[in-house]
Amino acid sequence: MKRNMKSLVELKNIWFRYEGQEDYILKDINLEIRDRDILLLLGRSGSGKTTIARIITGLIPHFYRGELKGNVIINGRSIVNKPIYEIAEYVGLIRQNPENQILMTNVEREIAFSLEFLDIPREDMRKRVHETANKLGISNLLSRDIDSLSGGELQKVAIASILVRKPSIIILDEPSSYLSPSSVNRLRQYIMMLNSEGIAFLIIDHRIDYWLDITTRIAVIYKGKKIFDNNLTEFLKFIEKFDVGLNIPLHLRLAIDVNKCCGKRVLPITQDTKKVLQILQKGGNNDRV
Amino acid sequence: MIEFRNVWFKYDETEEYILKNINLVIEKGRIYSILGDNGSGKTTLIRHMNGLLKPTKGDVIVDEVNTRDIPISILSKKVALVFQYPERMFFSPTVEEEIKYTLINFGFEGKELDERTDYILKEFRLEDFRDRAPFSLSGGEQRRLSIAIAVSWDPDYIVLDEPTTGLDGEARKDLTSTIEKILNRRRTVIIVSHDLEYLFELSPHVILMNNGQIMFQGKFGELLENEDIVIKCGLSMPRISLLLHFLKRDGNLNNLKYNEILNLLLDKLRCTNYV
Ligand SMILES: Nc1ncnc2c1ncn2[C@@H]1O[C@H](COP(=O)(O)OP(=O)(O)OP(=O)(O)O)[C@@H](O)[C@H]1O
Ligand SMILES: Nc1ncnc2c1ncn2[C@@H]1O[C@H](COP(=O)(O)OP(=O)(O)O)[C@@H](O)[C@H]1O
Ligand SMILES: [Mg+2]
Ligand SMILES: [Mg+2]
């Protein structure tokens with residue numbers, strides 16, 4: 001697959017603080033989402049990830065008060081003075097708390113609602129709703145009241161209601177929070193499918209293990225600044241050197257700690273645990289890295 | 001002790017049962033984890049523990065009292081429940097008042113009230129947010145606040161519905177040490193979770209739910225031996241478990257705590273000449 005380097009979203013020198021705050025939450029952030037990216041945005045809680053999502057989607061400055069400096073460019077056009085519905089055409093946001101985005105009382109209507117404005121025939125609409133529900137494993141919930149859903153079911157509905165619209169950029173803010181691993185697997189497969197159809201993703205999540213194998217890039221925010229932005233290989237080197245409070249999966253943490261204790265690279269920092277196992281079975285890594 | 005005796009439950013007269021013949025004993029001073037796929041009935045199960053829900057059939061007995069015979073207001077002092085969506089319980093204008101409201105509710109006053117509030121703010125690293133509106137906190141900060149409130153009056157049973165949601169690496173470690181402190185005071189902790197990685201440090205007794213039934217009960221380590229059941233119930237094995245099985249093959253791995261795994265591994269590597 002040819003990767004087009006066209007930039008879909010560009011944050012340029014973004015500074016932001018919420019009303020009443022002295023310090024800036026974001027300090028000179030530059031961030032790019034390119035065509036076909038699956039960008040993983042990481043950072044401690046409170047580091048400003050959701051704030052970045054709010055800026056890209058125009059919720060800041062339209063719904064949250066504060067001071068915003070810098071430029072936000074989507075599809076080559078600055079959105080700073082654009083109304084929010086124009087932005088929503090390109091960017092879909094699944095919010096951290098799914099309750100915040102639910103509008104209807106019935107599951108099928110909730111998922112269909114975001115298609116209402118797209119001017120597509122009823123029958124196609126129904127088809128798309130059912131296809132999305134099927135992909136996320138919630139077909140059996142379509143007739144249910146939103147109020148009667150379990151925590152994870154509610155989150156899946158919130159996710160479905162954005163994915164169904166297929167905007168060209170989709171932001172998921174902590175999508176795995178309430179999902180079981182098997183639900184995440186379904187979601188991940190659906191994301192990969194949509195991505196191959198040309199949709200770019202920005203994923204914010206503390207369970208990084210779910211996403212490492214499908215990301216094209218990883219960015220890390222720390223104390224309001226972007227301190228890392230590169231691919232998985234570089235990220236694995238980065239976490240070996242710096243501890244910035246991320247939730248590092250145990251198999252990586254173990255390899256990092258072993259190497260630290262030994263004062264040299266005994267185990268590789270890799271997602272491929274089988275490789276680690278082989279090295280252990282041989283009794284350690286012979287060749288220096 | 002919390003006891004479920006042949007508990008059946010459905011929300012709606014016409015629908016099928018959500019809990020199907022649950023029998024369960026939660027003993028004092030121990031830690032339990034309730035695991036299972038989305039919709040398997042975890043939240044429904046724990047809502048029975050403080051009387052929020054009453055069984056359609058069967059009984060739930062908390063410290064020898066049937067939950068049908070005691071008002072929720074009294075029971076919820078003994079059994080604290082932190083909801084899956086913590087934002088649902090906030091309503092005070094500031095973080096400090098949110099904590100104080102609960103404490104006052106449970107009989108704290110005067111100097112004791114202030115001291116307790118300060119202690120909780122400090123313990124959960126919420127001092128900087130004292131005057132902020134709970135709703136303006138980030139997701140992980142809100143989660144910390146909801147847990148702080150639930151343990152603030154030192155209840156006998158603490159039930160946490162997916163407490164690691166929104167927590168970063170540091171906050172997870174903090175939560176673990178908070179839970180360890182609670183256990184040292186001989187309190188009982190019940191955690192609903194999807195995250196087997198998180199549970200390593202706590203090694204709880206696990207209760208695995210599937211479609212309203214208990215599929216498996218036993219030690220955390222035993223669960224990891226049963227990959228089939230884990231997968232069948234919608235969970236996944238932590239990648240590290242591949243290494244655990246290796247470590248176990250010619251050693252004895254009774255305790256799965258991270259530091260012990262690390263030490264075992266280091267020992268093993270030192271046996272060779274490479275380290
Ligand atoms: N108020 C309600 N009315 C009808 N059905 C409900 C109600 N609340 C939950 N259910 C259904 O009961 C089942 C169990 O729900 P429960 O909330 O206990 O699941 P859970 O194991 O906590 O799931 P999750 O991991 O998604 O939070 C689900 O199928 C859910 O849709
Ligand atoms: N509506 C708001 N008003 C004031 N402060 C806020 C608001 N939302 C978030 N914050 C603060 O901004 C910082 C960044 O928050 P957020 O972007 O939600 O973090 P993250 O998503 O990385 O956890 C946090 O300190 C949080 O308390
Ligand atoms: Mg957030
Ligand atoms: Mg639940």
Starting from the Cα of B:GLU127, step 7 Å along the direction of its Cβ; do the same at A:ASP243; then give the gap between the two resulting points in nm. 2.2 nm
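Please give the charge dipole size of the protein assembly as shown, origin at the Cα centre, charges +1 on K and R Cβ atoms and -1 on D and E Cβ atoms. Round to the nearest 20 debye. Please list the in-between numbers first.
Details: 79 positive and 78 negative charges, 349 e Å.
I would put it at about 1680 debye.
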MRE, 222 nm, helices only [DSSP H, n ≥ 4, -39500 (n - 2.57), over chain A, to nearest 500]: -10000 deg cm²/dmol
Between A:ASP147 and B:ASN211, what is the spin-label point distance in nm, taking each point 7 Å from the Cα along the Cα→C-beta axis? 2.9 nm
In order through region A:235-249: 3J(HN,Hα) via Karplus (6.51 cos²θ - 1.76 cosθ + 1.60), integer Hz, x for Gly, Pro: 4, 5, 6, 4, 5, 6, 8, 10, 9, 10, x, 6, 8, 6, x
Would you mind getting me the FRET efficiency between A:LYS282 and A:GLU197? Use the beta-carbon distance for r and R0 = 45 Å, nearest 0.05. 0.55
If one computes the Cα centroid of region A:1-77 and of region B:177-191, what distance in Å separates the two points? 40 Å
Please return the longest range in chain B lying between exposed loop sites, taking trypsin sites (Lys or Arg not before Pro), DSSP loop only, at most 12 other beta-carbon atoms within 10 Å, and leaving the sites out. B:29-184
Using a basic spin-label model with each label point 7 Å from the Cα along Cα→Cβ, how many nm lie between B:ASP118 and A:TYR64? 3.3 nm
Projecting the Cα atoms of A:ASN259, A:LEU8, A:GLY20 onto the charge dipole of chain A, where Lys and Arg contribute +1 and Asp and Glu -1 at Cβ, the residue farthest towards the positive end is A:ASN259
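If the chain between A:ASN106 and A:ASN231 were fully stretched, how many nm would it gain, using 0.36 nm times the residue separation less the Cα-Cα distance?
On the way: separation 125, 0.36 × 125 = 45.00 nm, distance 4.08 nm.
Full extension from A:ASN106 to A:ASN231 adds 40.9 nm.
I need the calculated FRET efficiency for the pair A:ARG122 and B:ARG270, taking r as the beta carbon distance and R₀ as 56 Å, to the nearest 0.05. Each step should come with its number before you reach the end.
Working: r = 69 Å, r/R0 = 1.24.
Efficiency for this residue pair is about 0.20.
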Note to self: C-alpha centroids of region B:218-233 and region B:10-31 sit apart, in Å, by 20 Å
What is the Å³ per residue value for the convex hull set by the Cα atoms of chain A? 153 Å³
Listed by chain and number, the residues whose amide H is under 5 Å from that of A:GLY43, excluding neighbours fewer than 5 places away on the same chain and using placed H, are A:ILE221
Compute the Cα gyration tensor for region A:1-62, then decide on rounded, prolate or oblate, letting a ≥ b ≥ c be the square roots of its eigenvalues: rounded whenever a/c is under 1.5, prolate when a/b is larger than b/c in the other cases, and oblate in all that remain. prolate
Work from the charge dipole of region B:31-153 (Cβ charges, +1 for Lys and Arg, -1 for Asp and Glu, about the Cα centre) and give the residue of B:ASN38, B:PHE91, B:PHE106 farthest towards its positive end. B:ASN38
Taking the alpha-carbon centre of each part, the distance from region A:202-226 to region A:95-173 in Å is 25 Å
With +1 on each Lys and Arg Cβ and -1 on each Asp and Glu Cβ, how big is the dipole of region A:94-207 about its Cα centre, in debye rounded to the nearest 20? 300 debye
Taking chain B and counting helices only, DSSP H stretches of n ≥ 4 at -39,500 (n - 2.57) each over all residues, the nearest-500 ellipticity at 222 nm comes to -11000 deg cm²/dmol
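Relative to the Cα centre, what is the charge dipole magnitude of chain B, using +1 at the beta carbon of each Lys and Arg, -1 at the beta carbon of each Asp and Glu, and rounding to the nearest 20 debye?
Details: 36 positive and 43 negative charges, 119 e Å.
It works out to roughly 580 debye.
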Considering only A:ARG36, A:ARG44, A:ARG122, give the residue with the highest GNM mean-square fluctuation for chain A, with springs between Cα atoms whenever their separation is below 10 Å. A:ARG122
Only Cα pairs within less than 10 Å get springs; with that Gaussian network setup on chain A, which residue of A:LEU254, A:LEU68, A:LEU163 has the largest fluctuation? A:LEU254
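In nm, what is the difference between 0.36 nm times the number of residues separating B:ASP69 and B:ASN259 and their Cα-Cα distance?
63.8 nm
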Could I get the Rg over Rh figure for region B:1-81? Both from C-alpha atoms, Rh via Kirkwood, rounded to two places. 0.94
Using just the C-alpha positions of the protein assembly as shown as equal point scatterers, what log10 of I(q)/I(0) does the Debye formula give at each q in 0.06, 0.07, 0.08 1/Å? -0.31, -0.43, -0.57
Once the principal axes of the Cα atoms of region A:73-165 are found, what is the range along each, listed largest first in whole angstroms? 41, 31, 21
Putting +1 on Lys and Arg Cβ atoms and -1 on Asp and Glu Cβ atoms, find which of A:GLN155, A:PRO175, A:ASN185 reaches farthest to the positive end of the dipole of chain A. A:ASN185
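Laboratory data are not the source of any read-out in this text; all were calculated from the coordinates shown. Because the structure is a prediction, the values reported are computed rather than measured. For neighbour counting, all protein chains shown are included, and Cβ atoms are generated from backbone atoms with ideal geometry for every residue, glycine included.
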